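The structure appears right after this line, and notes come after that.
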Amino acid sequence: MPDDLNSAAPRGRGRGRETPKGRQVDPAALAEIEALLGERPRRRDLLIEHLHLVQDRFGRIGLAHLAALAEAMRLSLAEVYEVATFYAHFDVGDAAVPPLTIRVCDSIACMLAGAEALAAAVAAGTQARVQRVPCIGRCAAAPAAVVGRHAIDHATPARVLAAARHGATEPAIPDYADFDAYVAGGGYRALARLRAGEMSAEAVLGVLDEARLGGLGGAGFPAGRKWRTVMAQPGPRLMAVNADEGEPGTFKDRHYLETDPHRFLEGMLIAAHVVDVAEIVIYLRDEYPAARAILQAELARLPPGGPPVELRRGAGAYVCGEESAMLESIEGRRGLPRNKPPFVFQAGLFGRPTLVNNVETLWWVRDLLERGAAWWRGQGRYGCRGLRSFSVSGRVRLPGVKLAPAGITLRELVEEYCGGMAEGHRLGAYLPGGASGGILPATLADVPLDFGTLEEHGCFIGSAAVVVLSDQDDLRAVADNLMRFFRHESCGQCTPCRLGTEKAVALMRAPRWDVPLLHELAQVMRDASICGLGQAAPNPVLSLLRHFPAEAAR
């Protein structure tokens, strides 16, 4: 450009602008971020961990700190902003945030227990910020609330407000079997035998194959076959543990992590040895601060000799329970499910072959090696094999994690393990597999609960999150609650899920349902959504249309 034209350009435009493009980094904010990060690495995959540091320290992620973090990590501001705003637990922006946040769960079990009234009463009695949030994994103690990071089971307005007034905001650590107690009970002997060569990797795989242990995170894929598939890939291989159970109604993994964590950790180390992985990452949902504190303490006490283990913290995104979305999150990105192929066993975490297992699957490895495959196969009912950890909530006398035979029926589960139905309630319906597993009527309460037994009825067991409904519950309200959950949790990557969940909620709010349109919408979502969230989201409404036509038509 000629000099005379350049000199005539208005100030601040073209080459004559006085400041460079983009948000400027405030020196004071940068100094605070550098001090906060300290000696921590500035790797790209640690972005979410560093965002947690900022949120925990300052109560929110202000725009000045966001720009400073981007500068410190040598990332573009757009990258940092899109990640921070993707996750529900980050408060991004300069708007004032109250010093205390109270979260009231409004997912299905808590809804049945009066969450709406609880949230309204708490909001009327405090200056703290009150948020209605998706499932926090405390369904057996509904309604549940969290004051800061302190969970309150069977919450009442009085108890929640008292905790807020007295500053009870840190997680309560439950009693659990620590390293010493676990070793005293025979823990880590199986791992020691494996590492010493007294038991071969092939022998371990043989037990898994003979027992036909399926993945207990929801998919049921044979664990032995999965381990072999990853072993066949070139190294270095990695391992990612999915501890991000976010399915409404599911809380079994939290139960095991907060009671007997080393049984899971030993299974994890056995898997790592057999598959010969170079590094392990545990991805834990952010709603479990007590479990995080336990793992932080106990990981430091693991038997030496295994691969490094890193604990990563989720940030409030149900979609990260999908394995490829979880890997994206571990890499410091938005939790967007990947298109497949390649599959994660081929190109998973950081592009390396990756073994992904759920907490409960690994929790059973020690027992299988010590008791044998025949013991496991002999535990089921009605031709099913093994044990299942049923997360039972809703209208029963004794909700909780129920260790019961695979294939047990809902009627047997309620009567034998849950003390029967709650006082004044009769069985009306039930969710066999959480929000995504569909809704079945009481007339199907004698169907075995296991992989492959419910599909003919349009449902599946998934992670065995059983929510029991009674004759007094409004099934349209239940379906609406579940669909609103999927709308809230859609990652937005694909149109069928993003717009489909929005449209479904609108259609379900109509006085009379447009049944043909709902069927058409559900088919599109099932056929065209990228991951299981969008594919399973229509299940609640399809269940009502199939099994409760009178409810759907009213």
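Go through the residues of the stretch 533-542 one by one and say whether even a single one is under 27 Å from residue 415 (Cα atoms) and touching a strand residue (DSSP E or B) at 6+ places or on another chain (Cβ under 7 Å).
Looking for residues that are under 27 Å from residue 415 (Cα atoms) and touching a strand residue (DSSP E or B) at 6+ places or on another chain (Cβ under 7 Å), one finds none in the stretch 533-542, hence no.
For the stretch 426-484, enumerate the residues that are hydroxyl-bearing (Ser, Thr, Tyr) and surrounded by fewer than 18 Cβ atoms within 10 Å (Cβ to Cβ).
Answer for the stretch 426-484, where residues must be hydroxyl-bearing (Ser, Thr, Tyr) and surrounded by fewer than 18 Cβ atoms within 10 Å (Cβ to Cβ): just 443.
Inside the stretch 120-239, counting only helices (runs of 4 or more DSSP H) that do not spill past its ends, which hold 2 or more residues that are open to solvent by 50 Å² or more (accessible area, probe 1.4 Å), closer than 28 Å to residue 393 by Cα and modelled with pLDDT of 95 or more?
157-165
Is it the case, given these coordinates, that residue 310 is among the charged types (D, E, K, R) and part of a strand (DSSP E or B)? So that I can check it myself, show each step before the final result.
Details: among the charged types (D, E, K, R): yes; part of a strand (DSSP E or B): yes.
Yes.
From the list 253, 286, pick out the single residue that is open to solvent by less than 40 Å² (accessible area, probe 1.4 Å) and touching a Lys or Arg at 6+ places or on another chain (Cβ under 7 Å).
Within the list 253, 286, the selection yields 286.
Restricting attention to the stretch 405-422, does a residue exist that is touching a helix residue (DSSP H, G or I) at 6+ places or on another chain (Cβ under 6 Å), outside any loop (DSSP other than H, G, I, E, B) and surrounded by fewer than 24 Cβ atoms within 10 Å (Cβ to Cβ)?
There is no residue in the stretch 405-422 that is touching a helix residue (DSSP H, G or I) at 6+ places or on another chain (Cβ under 6 Å), outside any loop (DSSP other than H, G, I, E, B) and surrounded by fewer than 24 Cβ atoms within 10 Å (Cβ to Cβ).
Only one of these is out of contact with any Gly (no Cβ under 7 Å at 6 or more places or on another chain), more than 17 Å from residue 268 (Cα to Cα) and open to solvent by 10 Å² or more (accessible area, probe 1.4 Å): 311, 299, 336. Name it.
Checking each option against the conditions leaves just 336.
Do we find that residue 391 is under 20 Å from residue 263 (Cα atoms), among the hydroxyl-bearing types (Ser, Thr, Tyr) and either outside any loop (DSSP other than H, G, I, E, B) or at pLDDT below 95 (or both) in this structure? Talk me through it step by step, then tell me what you get.
Numbers: under 20 Å from residue 263 (Cα atoms): yes; among the hydroxyl-bearing types (Ser, Thr, Tyr): yes; either outside any loop (DSSP other than H, G, I, E, B) or at pLDDT below 95 (or both): yes.
The answer is yes for residue 391.
Within the bounds of the stretch 533-553, is there any residue that is open to solvent by less than 10 Å² (accessible area, probe 1.4 Å) and not in a helix (DSSP H, G or I)?
Scanning the stretch 533-553 turns up at least one residue that is open to solvent by less than 10 Å² (accessible area, probe 1.4 Å) and not in a helix (DSSP H, G or I).
I'd like to check something: does the stretch 482-503 contain any residue that is farther than 30 Å from residue 85 by Cα, of a type in the set (A, V, I, L, M, F, W, C) and modelled with pLDDT of 95 or more?
no
Identify, by number, the condition in (1) open to solvent by 20 Å² or more (accessible area, probe 1.4 Å); (2) touching a residue at least 40 places away in the same chain (Cβ under 8 Å) that residue 361 doesn't meet.
Of the numbered conditions (1) open to solvent by 20 Å² or more (accessible area, probe 1.4 Å); (2) touching a residue at least 40 places away in the same chain (Cβ under 8 Å), the odd one out for residue 361 is (1).
Let me spell it out: the conditions are (1) over 21 Å from residue 493 (Cβ atoms); (2) free of Cβ contacts under 8 Å to residues at least 24 places away in the same chain, and residue 338 meets all of them except one. Which number is the exception?
It fails just one condition, (1).
Per-residue answers, yes or no, for (1) in contact with a strand residue (DSSP E or B) (Cβ under 8 Å, 6 or more places away or on another chain); (2) touching a residue at least 12 places away in the same chain (Cβ under 8 Å); (3) within 16 Å of residue 285 (Cα to Cα):
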residue: 66; (1), (2), (3): yes, yes, no
residue: 77; (1), (2), (3): no, yes, no
residue: 89; (1), (2), (3): no, yes, yes
residue: 94; (1), (2), (3): no, yes, no
residue: 103; (1), (2), (3): yes, yes, yes
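Quick test for you: out of 512, 526, pick the one residue that is surrounded by fewer than 19 Cβ atoms within 10 Å (Cβ to Cβ), without any contact (Cβ under 8 Å) to a residue 60 or more places away in the chain and assigned to a loop (DSSP other than H, G, I, E, B).
Exactly one residue qualifies, and that residue is 512.
Out of all the residues in the stretch 240-252, which are outside any loop (DSSP other than H, G, I, E, B) and either out of contact with any Asp or Glu (no Cβ under 8 Å at 6 or more places or on another chain) or under 23 Å from residue 348 (Cα atoms) (or both)?
Those that are outside any loop (DSSP other than H, G, I, E, B) and either out of contact with any Asp or Glu (no Cβ under 8 Å at 6 or more places or on another chain) or under 23 Å from residue 348 (Cα atoms) (or both): 240, 241, 242, 243.
Being under 23 Å from residue 136 (Cα atoms), in contact with a strand residue (DSSP E or B) (Cβ under 7 Å, 6 or more places away or on another chain) and not in a helix (DSSP H, G or I) is the filter here, so list the residues in the stretch 467-504 that pass it.
Across the stretch 467-504, the qualifying residues are 467, 468, 469, 470, 473.
Output the qualifying pairs, or none if there are none: Cβ atoms under 7 angstrom, residues six or more apart or on different chains, first residue in the stretch 263-277 and closer than 12 Å to residue 298 by Cβ and open to solvent by less than 10 Å² (accessible area, probe 1.4 Å), second residue at pLDDT 95 or above and among the aromatic types (Phe, Trp, Tyr).
Qualifying pairs under 7 Å: 264/256; 264/363; 266/188.
The values are calculated or read from the model by the stated rules, or taken from the named source; none is laboratory data. Nothing here was measured: the structure is a model prediction, and the numbers come from that model. When we count neighbours, we look across all protein chains shown, and the Cβ atoms used for this are built from the backbone with ideal geometry, even at glycine. All accessible areas refer to the heavy atoms of the entire protein, side chains included, with ligands and DNA or RNA removed. Shrake-Rupley method; radii C 1.70, N 1.55, O 1.52, S 1.80 Å.
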